[in-house]
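The values are calculated or read from the model by the stated rules, or taken from the named source; none is laboratory data. Just so it is clear, the model here is predicted, and its values are computed rather than measured. A quick note on method: Cβ atoms are made from the backbone with ideal geometry, for glycine too, and the neighbour counts reach across all protein chains shown. Areas reflect the complete protein model, heavy atoms only, side chains present, ligands, DNA and RNA absent. Shrake-Rupley method; radii C 1.70, N 1.55, O 1.52, S 1.80 Å.
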Amino acid sequence: MSLEQPPAGNPEAHAQTPKQTLRLCGVELCLGERRLIGPLDLTVAPGEIVTLMGPSGCGKSSLLGYLCGTLDPAFHGAGRVLLGSDEISTLLPERRRVGILFQDDLLFPHLSVAENLAFGLPSSVHGRAARRARIIAALAEADLEGFADRDPATLSGGQRARIALLRTLLAAPRALLLDEPFSKLDAGLRDRVRRFVFEHARLNALPSLLVTHDPADAEAAGGKVFEVGVGQRHEAGQGPGPAPRCAQEYAAKAPFDPSFPAKS
């Protein structure tokens with residue numbers, strides 16, 4: 001079941017997001033006069049997970065900031081970013097419909113699990129009952145039945161990671177960015193959460209871009225791997241800190257709903 005579809009028995013029509021390709025055309029990232037990344041050309045097909053690897057400080061996470069519209073003003077990004085037929089690099093973050101997951105789950109500590117998930121629901125889901133039903137269905141699909149009223153502080157690391165992904169998917173993004181979301185998990189948990197995230201990215205046909213230092217992440221993703229460095233044109237190959245404040249705010253809010261905040 002796709003999280004973009006309504007739960008069984010809900011009469012509300014809810015069209016699934018059409019499959020779309022993410023394309024980066026001549027994208028560059030600069031810090032002052034120094035070019036960190038690019039020109040970068042890549043295509044990410046629906047359901048494909050492409051990996052970016054490179055040394056710390058080379059601009060990988062900032063590149064994701066450019067794609068979702070939260071690039072730190074200290075950096076300068078250029079180049080076209082197309083999602084389907086739409087050029088999104090000039091749009092406001094909430095208009096791009098690009099979901100992002102960070103190392104930290106960014107759950108609101110003062111809200112329940114259901115209230116956290118409600119921030120991902122678009123305003124097109126009307127009424128408290130309908131919104132609650134969508135949340136309950138998403139939790140059931142993630143094997144988290146009965147968690148709606150739980151305090152996030154009572155959750156394990158793996159449960160929190162799944163809730164963070166559910167919140168992103170409930171917003172029906174058109175693409176998914178993954179900024180080292182598995183790096184703080186222990187080895188056994190990392191494998192399970194990584195599999196959960198990748199399975200849902202493929203299930204929802206989301207073009208996904210993963211930033212990581214871990215070759216095991218790239219191997220599990222199973223897609224193209226880009227080695228990025230300073231001032232080079234990057235070619236694709238086959239291969240096996242905390243988020244910035246502005247990006248934290250973007251990920252934690254209902255990113256695609258201008259009427260934020262939305263109530264459950």
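Annotation: extensible slack from Thr43 through Ala129 equals 27.0 nm (criterion: 0.36 nm per residue apart, minus Cα-Cα distance).
What net charge is computed for the residues neighbouring His213, neighbours being all others with C-beta under 15 Å from the C-beta of His213, Lys and Arg scored +1, Asp and Glu -1? Once all neighbours under 15 Å are counted, the net charge is -2. Residue order by solvent-accessible surface for His126, His76, His213 is His126, His76, His213, largest first, with ligands and nucleic acids left out and a 1.4 Å probe. Positive end of the dipole of region 128-233 (Cβ unit charges, origin at the Cα centre): among Ala201, Ser183, His213, the Cα lying farthest that way belongs to Ala201. Computed from the Kirkwood radius of its Cα pairs, the Stokes-Einstein diffusion coefficient for region 15-145 at 20 °C and 1.002 mPa s stands at 125 µm²/s.
Take Phe196: with every protein chain present and a 1.4 Å probe, its accessible area is about 30 Å². When Thr168, Thr90 are compared by accessible area at a 1.4 angstrom probe, the order from most to least is Thr90, Thr168.
Over all orientations, region 99-154 has a Cα convex hull whose mean projected area works out to 4.4 square nanometres. Averaged per residue, region 154-200 has 32 square angstrom of accessible surface, using a 1.4 angstrom probe with ligands and nucleic acids left out.
A simple count of charges around Leu52, restricted to other residues whose Cβ falls under 11 Å of its Cβ and scoring Lys, Arg +1 and Asp, Glu -1, yields -2.
Counting only Cα atoms, region 59-117 measures 40, 27, 16 Å along its principal axes, largest extent leading.
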